[in-house]
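To start, the structure under review is shown below, and the notes come after it.
The values are calculated or read from the model by the stated rules, or taken from the named source; none is laboratory data. All values derive from a computational prediction rather than experimental measurement. Every residue, glycine as well, gets a Cβ built from its backbone with ideal geometry; the counts of neighbours run over all protein chains shown.
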Amino acid sequence: MLRTWRQRLTLTDVFIWVIGLAIAVAVIWGSISTLRLHIYSGSGWIDLTIRGLALGGVYALIAMGYTMVYGILKMINFAHSEVFMSGPFTACFVALGLASSGFLNAQPVISLAIILVVSMGVSAGIALLLERICYRPLRTAPRLVPLITAIGASFFLQYTFRGLFGSGSFGYPAIKALQQSWTISGIQIFKTQVVVIAGSVLMMLILFAIVQWTKIGKAMRAVSEDKEAAELMGINVDSIIVFTFGLGGASAGAAGVLYTLLFPVVNFYMGFIPGIKAFTAAVLGGIGNVPGAFLGAIILGLLESVGPNLFLTGLGIPSPSQLKDAIAFIVLVLILIFRPTGLLGERISRDKA
Amino acid sequence: MNIESSVWKKAVQNGLIGGLISLLLGLVGMALAFGTTFLISGVITMGQVLVLAPFLFESFSSIKRTPSKNPVTVLVVAGLTGLVGGAVLAVFILLAQFIDFRSILINASPDLIALWTFQLPLVIGVLVLLFAALVTGLIAAGFSLLSDRIRRALSLAVMVVLALGLFRDLILTVMVHWGFVQYIFLWMFAQVGMTIPGALVAFLLVGGIAYWRSGVDQAAINKNRSPRRQRAIKWGTIAVLAVIVLLLPAILGIYFSEILDDVGIYVLMGLGLNIVVGFAGLLDLGYVAFYAIGAYTLGVLTTSEAVGLLHLSFWVAAPAALLVAVFAGVVLGLPILRLRGDYLAIVTLGFGEIIRILVLSDWFKPLLGGSEGIQRIGQPTIGKLVLANQQQLFYVILAGIIIAGFIATRLKDSHLGRSWMALREDEDVAEAMGINKVATKLLAFGMGALFSGLGGALFATKVGSTYPQSFSFIVSINILSLIIIGGLGSIPGVFVGGLVLVGLPLLLAQFADFVYLIYGASLVFMMLSRPEGLWPEARRRLELHGEEGGPSPQEEPAPAAMDSGR
């Protein structure tokens with residue numbers, strides 16, 4: 001600590017900061033020149049923002065699974081994207097079943113509730129199986145071992161779904177009651193977007209309440225703080241871990257149902273990209289931090305929908321929305337390099353980084 | 001009999017697991033894919049083996065957990081396990097008579113039910129299935145009651161017969177060039193699978209030889225030979241192997257040479273990733289990025305199409321491709337090598353995806369061809385000879401493997417290799433010992449990028465074109481699986497992993513649909529039960545299994561070596 005800043009500065013730091021500055025300049029320059037081009041109207045931007053919010057809400061629910069499991073086991077549950085993927089699959093089959101009897105359009109609210117409950121149940125079940133088979137035996141193993149197991153489990157689940165249900169895409173039946181849209185001063189708002197945003201905020205509030213105000217939530221926080229001490233206080237760590245996986249799985253299942261309302265196509269590889277983005281959101285907000293995951297997801301959703309048009313159009317890059325996934329990955333790389341603790345992750349920074 | 005109730009419970013539990021695994025193998029379509037692949041003509045198909053094998057394994061697992069070695073107990077426990085497993089399938093079959101599973105599960109077809117019930121009428125078929133499951137359990141019991149020596153010989157003989165039956169077509173295709181030898185094989189094989197006498201002869205021959213050999217103490221004989229003789233034998237073996245490898249393309253023909261080339265490219269990249277993950281302990285999930293960079297650099301520099309830049313020859317462009325790959329490795333490595341193990345994995349994954357997305361985008365289309373890729377990539381030439389076909393390219397790939405293998409083996413025990421392993425074991429201690437963390441890790445990363453770039457360049461010449469679709473995340477997982485299953489940090493393990501994971505699926509077309517299912521399952525299985533891999537690195541075997549390679553009393557769940565710091 002006695003060294004001056006000049007002695008502490010290494011070549012790596014210089015390199016990182018040059019890259020960071022270059023990206024910042026590109027983003028600012030791109031935004032300014034895009035705005036000066038006047039390609040998009042004001043309502044166009046608002047439309048993109050609403051899309052981003054809906055997307056962010058879905059990412060937030062998936063991110064909960066990553067962040068809670070990380071908080072307790074200090075492990076990236078790489079197979080969580082497949083837990084998410086099982087949600088849309090279940091939702092699709094239940095919805096098709098309900099649609100064939102005409103119940104889906106006769107009672108849309110009850111149908112959605114049934115779909116939601118079943119999907120949450122199936123996803124939670126898969127998360128629990130994962131925990132039991134793949135992670136529990138490896139709890140004391142070195143860090144990379146469960147990560148490799150998780151990658152294996154992820155592929156196993158993907159291709160099991162492919163084998164069981166086929167490699168094609170399933171169309172999700174449209175719910176008539178949700179197909180309308182409102183137009184408020186030139187801005188078109190779809191009912192599905194409203195349902196998704198409201199649903200994800202509601203789910204997030206429920207999750208937050210569980211973690212913050214119930215006894216088991218208190219136990220979860222205690223375990224994530226210090227496993228041994230929690231055990232000494234009479235908390236059954238095993239059952240808390242199981243509960244955490246179940247809760248994360250259920251939340252991913254709910255995310256799956258909402259996701260299919262936005263993008264009504266279901267296939268076996270659909271989990272990977274949303275999964276990685278939700279992980280990015282969790283890291284962005286500060287992994288292990290529940291409100292952080294929500295904040296990170298909303299920011300990421302906005303960056304993804306507004307970002308390509310705002311940053312890249314001005315730089316003269318053709319069809320910028322092709323690069324929206326790249327933006328999410330670049331955010332991930334940058335946040336891990338510059339602030340691995342995330343936006344709200346102060347506490348973890350001290351003991352874990 | 002007074003057997004504890006826990007043993008019964010375990011047997012029933014194992015039976016249920018076995019039944020569910022068998023059910024899953026059926027429902028994902030694997031059993032049906034092999035449904036007509038007869039191993040022994042008219043007797044047993046690979047599909048039936050897949051249906052029954054889970055019962056066998058679970059019965060073994062039940063037997064292992066039974067404390068008493070009383071033959072009756074063992075037989076009853078194993079039989080119960082098998083029977084319960086069969087019952088799971090039977091329940092599904094009966095349910096399928098009333099519920100239409102097929103509207104959701106695409107493989108729950110009448111064909112699958114017919115396979116499960118041995119093509120017999122329903123009721124008789126279910127009873128036969130239960131009986132077969134029971135017999136499978138009893139076979140497991142009988143097997144475990146045999147003496148060690150007989151058991152080894154027997155299992156080897158069974159394996160060989162299964163393999164011969166499974167690879168019938170391939171063996172016959174190769175044997176066509178072998179003159180009179182092919183008649184022996186023609187006698188052993190039927191239209192599909194082996195003939196019954198052929199299988200019997202192979203079984204007795206292999207079993208007999210294995211039994212006889214197991215009585216001979218090979219190590220003792222070797223010790224009694226003079227050192228000179230030992231050395232002569234060692235070099236003789238190497239020379240023979242070398243000649244065989246050099247003649248392989250000629251022996252195998254064009255079709256198999258292509259498979260060999262694919263295996264070779266994966267082995268080459270596996271050698272590189274082995275340095276990064278196995279030696280230095282940096283889990284790199286974006287390894288495909290350097291593969292893509294190597295392939296695209298070569299493509300852009302050599303193609304005769306309009307998108308190309310300089311239209312160079314292969315031998316000029318390949319080193320340039322390697323340079324670009326290494327440069328990319330260093331540029332990526334510099335900022336991220338300070339990250340912790342699991343974050344490093346995710347960042348590299350992100351990097352791999354960024355590269356793929358950029359290559360696909362319209363932004364780089366003028367240079368890289370977008371989704372149409374780059375065609376007409378230059379072939380390597382020696383003088384006037386153009387190395388264009390798969391048999392000739394094998395030698396280029398082989399040269400690459402030899403160089404990579406040589407570098408990897410020499411580096412492993414060098415100062416640098418030891419630094420890598422020190423960092424892998426404990427970063428803080430290694431740094432305190434004076435190892436320059438950033439430089440050492442960067443060297444590992446750059447070395448990995450070098451081999452990956454070489455693999456990519458060879459892949460591009462082999463195919464003659466590059467498409468962005470060839471560079472998805474799955475390639476990284478492919479290579480990672482092969483080095484983990486071969487044995488992290490073990491150089492022979494890379495070859496074993498490459499042959500098993502890349503070669504087998506290419507040889508058996510039926511496997512193609514289930515490759516990643518099997519990869520995933522085997523990654524999980526290896527981490528849970530055999531983290532050191534199929535051909536473990538010597539040091540790691542010692543760490544995990546004590547002095548003599550025998551099972552240690554308390555098996556550690558995983559190599560401590562993979563902890564890359566915190």
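Just a few scattered comments:
- B:V240 in a helix (DSSP H, G or I), among the hydrophobic types (A, V, I, L, M, F, W, C), outside the structural domain of B:A439 (by TED's automatic domain parsing) and free of Cβ contacts under 8 Å to residues at least 12 places away in the same chain: yes
- Only a single item in (1) more than 14 Å from every other protein chain (Cβ to nearest Cβ); (2) within 30 Å of the chain's Cα centre (by Cα) is not met by B:V74, and it is number (2).
- Filter result for the condition that a residue is away from chain A (no Cβ under 14 Å) and touching a Phe, Trp or Tyr at 6+ places or on another chain (Cβ under 7 Å), over B:G42, B:G18, B:G35, B:G26: B:G18
- Flag for B:V326 being more than 10 Å from chain A (Cβ to nearest Cβ), part of a helix (DSSP H, G or I), over 30 Å from B:S419 (Cα atoms) and over 25 Å from the mean Cα position of the chain (by Cα): no
- Scan of the stretch A:9-43 for residues that are closer than 11 Å to A:L310 by Cβ and either of a type outside the set (A, V, I, L, M) or not in a helix (DSSP H, G or I) (or both), ordered by number: A:G30, A:S31, A:S33, A:T34, A:I39, A:Y40
- Failed item in (1) surrounded by fewer than 20 Cβ atoms within 10 Å (Cβ to Cβ); (2) in contact with a Ser or Thr (Cβ under 9 Å, 6 or more places away or on another chain), with B:E431 passing the rest: (2)
Table: residues versus (1) of a type outside the set (A, V, I, L, M); (2) touching a Pro at 6+ places or on another chain (Cβ under 9 Å); (3) farther than 17 Å from B:I209 by Cβ; (4) in a helix (DSSP H, G or I).
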{"residue": "B:F131", "(1), (2), (3), (4)": "yes, no, yes, yes"}
{"residue": "B:A141", "(1), (2), (3), (4)": "no, yes, yes, yes"}
{"residue": "B:R149", "(1), (2), (3), (4)": "yes, no, no, yes"}
{"residue": "B:R152", "(1), (2), (3), (4)": "yes, no, no, yes"}
{"residue": "B:A157", "(1), (2), (3), (4)": "no, no, no, yes"}
{"residue": "B:V160", "(1), (2), (3), (4)": "no, no, no, yes"}
{"residue": "B:L170", "(1), (2), (3), (4)": "no, no, yes, yes"}
{"residue": "B:M175", "(1), (2), (3), (4)": "no, no, yes, yes"}
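- Residue in the stretch B:363-377 that is away from chain A (no Cβ under 14 Å), outside any loop (DSSP other than H, G, I, E, B) and more than 25 Å from the chain's Cα centre (by Cα) present: yes
- Condition broken by B:P67, with the remaining ones in (1) of a type outside the set (F, W, Y); (2) surrounded by fewer than 23 Cβ atoms within 10 Å (Cβ to Cβ); (3) part of a helix (DSSP H, G or I) satisfied: (3)
- For the stretch A:326-337, the set of residues classified as more than 10 Å from B:G350 (Cα to Cα) and facing chain B (nearest Cβ under 9 Å) consists of A:L336, A:I337, listed by residue number.
- Residues satisfying the stated conditions in the stretch A:170-187, i.e. hydrophobic (A, V, I, L, M, F, W, C) and either in contact with a helix residue (DSSP H, G or I) (Cβ under 7 Å, 6 or more places away or on another chain) or at the interface with chain B (Cβ under 8 Å from one of its Cβ atoms) (or both): A:F170, A:I175, A:A177, A:L178, A:I187
- Matching residues in the stretch A:136-169 - criterion: being more than 10 Å from every other protein chain (Cβ to nearest Cβ) and either crowded, with 18+ Cβ neighbours inside 10 Å or in contact with a strand residue (DSSP E or B) (Cβ under 9 Å, 6 or more places away or on another chain) (or both): A:S169
- Some residue of the stretch A:208-228 being in a helix (DSSP H, G or I), more than 23 Å from A:I276 (Cα to Cα), among the acidic types (D, E) and modelled with pLDDT of 80 or more: yes
- Pairing residues of the stretch B:15-27 that are assigned by TED's automatic domain parsing to the domain that holds B:A114 with residues that are not in a helix (DSSP H, G or I), at Cβ distances under 6 Å and at least 6 apart in sequence or on separate chains, gives B:L27/B:L105; B:L27/B:N107.
- Residues that are outside any helix (DSSP H, G or I) and touching a Leu at 6+ places or on another chain (Cβ under 7 Å) within the stretch A:76-105 comprise A:I76, A:F78, A:A79, listed in sequence order.
- Failed criterion for B:G299 (all others in (1) buried (at least 24 other Cβ atoms within 10 Å of the Cβ); (2) modelled with pLDDT of 85 or more hold): (2)
- Yes/no for B:G198 being outside the structural domain of B:F38 (by TED's automatic domain parsing), at pLDDT 85 or above and surrounded by 10 or more Cβ atoms within 10 Å (Cβ to Cβ): no
- In summary, A:I133 fulfils each of the numbered conditions (1) within 23 Å of the chain's Cα centre (by Cα); (2) at pLDDT 85 or above; (3) not charged (D, E, K, R) with the single exception of condition (1).
The rows are residues; the columns are (1) within 20 Å of B:G456 (Cα to Cα); (2) part of a helix (DSSP H, G or I); (3) more than 14 Å from chain A (Cβ to nearest Cβ).
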residue: B:G286; (1), (2), (3): yes, no, no
residue: B:Y296; (1), (2), (3): yes, yes, yes
residue: B:H311; (1), (2), (3): yes, no, yes
residue: B:V331; (1), (2), (3): yes, yes, no
residue: B:D342; (1), (2), (3): no, yes, no
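- The lone criterion from (1) more than 13 Å from every other protein chain (Cβ to nearest Cβ); (2) surrounded by fewer than 18 Cβ atoms within 10 Å (Cβ to Cβ); (3) of a type outside the set (V, I, T) left unmet by A:G307 is number (2).
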